[in-house]
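Inspection log for the structure reproduced underneath, given as structure tokens.
None of the figures in this text is laboratory data; all of them are computed from the coordinates on show. These numbers come from a predicted model, not from an experiment. Cβ: placed from backbone, ideal geometry, glycine included. Neighbour counts: every protein chain shown.
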Amino acid sequence: MQFKINIKLSLVIWLFLTIFKTYSQTINSHGVAGYINMPSALMLEEGSMNFHLSRNIPDRKILVTGSPFNWLDATIFYVDITKKEYGPGSSTQSYKDKGFNFKVKVLDANNWPMVAIGMNDFAGTGIYNSEYIVATDFYGRFEYSLGLGWGKYNSGLKFKNPFIYIHKQFEERSQG
């Protein structure tokens, strides 16, 4: 009996420390360092692993993000989209999706802002499909980011997506 209590206590302590560390690094809704739904050029600590659960409307997400290097964050996600049917005539099951996100730091200099590029849902169904380039800097203790995004990030000014020169699939988007 005592052994089971120690395992439960250890699990609670590990979970608390994991959550505390995750929130101190500001994980966004796509599982990478950023602000709510926007990425920043900041990277997670090298060798870190984060587990993120969110239950919002219409999405319920499970995200696992790893940062094997100080220049790479990679996320695998599974999502339940409650406002979308699983298939034609399916009224009892909501739509499920999975995919991958990544962010790569391309510039980290002392006198210049940090710059990163990233892709969301690059191997899934494309519901969250987006690419971005973002720069992050500090003014005293104030952190700010500026960036351009395409796909799901493209709802304002229209800029031609530079990723179409890599592959034409970046011209078309899922209607999910």
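Miscellaneous remarks
- Dipole moment magnitude, nearest 20 debye, the range 77-146 about Cα centre, only Lys, Arg, Asp, Glu C-beta charged: 140
- Counting Lys and Arg as +1 and Asp and Glu as -1 over every other residue whose Cβ lies under 14 Å from the Cβ of P68, the net charge comes to -1.
- Beyond 20 Å in Cα-Cα separation lie the following of the pairs K96/K168; K98/K168; K105/K168; K96/K152; K83/K152; K84/K152: K96/K168; K98/K168; K105/K168.
- Between the range 129-145 and the range 36-58, the Cα center-to-center distance that results, in Å: 15
- Annotation for the range 34-124: GluC sites (Glu not before Pro) lying in DSSP loop with at most 14 further Cβ atoms inside 10 Å of their Cβ are E45, E46.
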